[in-house]
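Heads up: the structure comes next, in structure tokens.
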Amino acid sequence: MGMTMTQKILAAHAGLPSVEAGQLIEAGLDLVLANDITGPVAIKEAGRLDKKTVFDKDKVVLVPDHFAPNKDIKSAEHCKCVREYAKANDITNYFEVGQMGIEHALLPEKGLIVAGETCIGADSHTCTYGALGAFSTGVGSTDMGCGMITGQAWFKVPSAIKVILTGKPSKWVSGKDVILHLIGMIGVDGALYRSLEFTGDGVANLSMDDRFTIANMAIEAGAKNGIFPVDGRTIAYMEEHSTKKYTVYEADADAVYDEEYTIDLSTLEPTVAFPHLPENTRTVSEAGEVKIDQVVIGSCTNGRIEDLRVAAEIIKGRKVASGIRAIVIPATQAIYLKAIEEGLVQAFVEAGAIVSTPTCGPCLGGHMGILAAGERAVSTTNRNFVGRMGHVDSEVYLASPAVAAASAVTGKISQPSDLGL
């Protein structure tokens, strides 16, 4: 019986010739990740083990990004805990304010994760790195703490769903529309504890930033991980950002999949997930008149340079609608600097938006854009659960940077064509 990409990576890291769905294995880890929310819990759990030092100071990554820069005393204490642990263990990859970024954009940018590797993170969107052909998944803080100390984790080998992508998306359709469309098709538990394996000739028409966005939101369909094949575009990205050796795994021709779905990218339209689940999707043309109060462009899902370029192209020379708060958050310092160099920041500020330092901030209802009762936001983030971005009576509409930027200009859910673009 053949294996999927994910199964091949797990077999290799477990030292086994093959694995099959449902099998329990212990696999070696190439990277272990935590942030300022999950890190302190993991550090406490790791302290209960006999071995007190990390398994490899170069393979543990700590990034305070959720409430950083510290929003209050409690968050300052959390960041202090992570900072002191990093110093005590001489952890190489600790990224503090000034060097930090949103973790799931920062790690690929820094070249810390490449194809064929395994990564666990105490954050559900760790599945982002599947865009590079790696196995990456979110775990609880206890598992993460054990991983920091032992360099290993146990997994139940996931079965898989094959997603065949064909065609080429139109100008204003991006990876966010692809993944929202898929989640709308299969639901928030449609891939529960399964691997979403993307393939097909349409993959070549998706940029790396598109792929990061799609893999990032695999968890919103319940998936254990999302993963893309390694092609020339993947290799070019890794060679630009990393000096690590990578390994290319390909699914066997006779690999077993629970289900198969085909998505013709050329037929997709700008899509929005209405409250209060990512599966509650409609195309913008179906959305109707939905007035909003706030727009957020950023996050580990859509704070990369292509996202900012698209948003700036739409908003440049226009104004944010009266009464709308538009918040732009570059995902890393390097992206922020690039946005300054390209004039994107100027375009946002002149339009009446604000530009923040890299932070997860509003995505989790942390800071930098909390919603009051009755308020609505169009956001490029990844979750729109009840109370996700503030008050339980607020609403979050998930969308692409193109839709978010157009909506900021009109003051209601819109797409670029509504502006004549």
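The values are calculated or read from the model by the stated rules, or taken from the named source; none is laboratory data. In this text, all values refer to a predicted model and were calculated from it rather than measured experimentally. Neighbour counts are summed over all protein chains in view; Cβ atoms, including those assigned to glycine, are modelled from backbone coordinates with ideal geometry. The area values use the complete protein model at the heavy-atom level, side chains included, leaving out ligands, DNA and RNA. Shrake-Rupley method; radii C 1.70, N 1.55, O 1.52, S 1.80 Å.
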Kindly evaluate THR137 against the criterion of being modelled with pLDDT under 95 and either surrounded by fewer than 24 Cβ atoms within 10 Å (Cβ to Cβ) or not in a helix (DSSP H, G or I) (or both). no
Would you call VAL392 of a type in the set (Val, Ile, Thr), out of contact with any strand residue (DSSP E or B) (no Cβ under 6 Å at 6 or more places or on another chain) and more than 19 Å from TRP172 (Cβ to Cβ)? yes
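Would you be able to say whether some residue in the range 57-74 is in a helix (DSSP H, G or I) and either farther than 23 Å from MET389 by Cα or free of Cβ contacts under 8 Å to residues at least 60 places away in the same chain (or both)?
Yes: the range 57-74 contains one or more residues that are in a helix (DSSP H, G or I) and either farther than 23 Å from MET389 by Cα or free of Cβ contacts under 8 Å to residues at least 60 places away in the same chain (or both).
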Of all residues making up the range 84-128, the number that are without any contact (Cβ under 8 Å) to a residue 40 or more places away in the chain and touching a strand residue (DSSP E or B) at 6+ places or on another chain (Cβ under 7 Å): 5
Pairs only if they're at least six apart or on different chains, beta carbon under 8 angstrom, first in the range 161-181 and touching a residue at least 12 places away in the same chain (Cβ under 8 Å) and over 22 Å from CYS300 (Cα atoms), second in a loop (DSSP other than H, G, I, E, B) and among the aromatic types (Phe, Trp, Tyr); list them, first residue then second. ILE161/TYR257; LYS162/TYR257
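Among the residues of the range 255-283, which ones are assigned to a loop (DSSP other than H, G, I, E, B) and under 20 Å from the mean Cα position of the chain (by Cα)?
Of all residues in the range 255-283, those assigned to a loop (DSSP other than H, G, I, E, B) come to 256-258, 268-270, 274-280.
The answer is PRO270, PHE274, PRO275, HIS276, LEU277, PRO278, GLU279, ASN280.
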Checking CYS363 against (1) touching a helix residue (DSSP H, G or I) at 6+ places or on another chain (Cβ under 7 Å); (2) modelled with pLDDT of 95 or more; (3) not aliphatic (A, V, I, L, M): exactly one of these is not met. Which one? (2)
If we ask which residues in the range 212-239 are open to solvent by less than 10 Å² (accessible area, probe 1.4 Å) and hydroxyl-bearing (Ser, Thr, Tyr), their number turns out to be 2
Counting only residues that are outside any strand (DSSP E or B) and open to solvent by less than 90 Å² (accessible area, probe 1.4 Å), the range 317-350 contains a total of 23
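Residue-wise test of (1) touching a Pro at 6+ places or on another chain (Cβ under 9 Å); (2) within 28 Å of THR332 (Cα to Cα); (3) in a helix (DSSP H, G or I).
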site	(1), (2), (3)
LEU112	no, yes, no
ALA115	no, yes, no
GLY145	no, yes, yes
TRP154	no, no, no
VAL173	yes, yes, no
LEU182	no, yes, yes
PHE198	yes, yes, no
Anything in the range 284-308 that is open to solvent by 30 Å² or more (accessible area, probe 1.4 Å), farther than 30 Å from ALA334 by Cβ and either in contact (Cβ under 8 Å) with a residue 12 or more places away in the chain or part of a loop (DSSP other than H, G, I, E, B) (or both)? List them, or say none. SER285, GLY288, GLU289, LYS291, ASP293
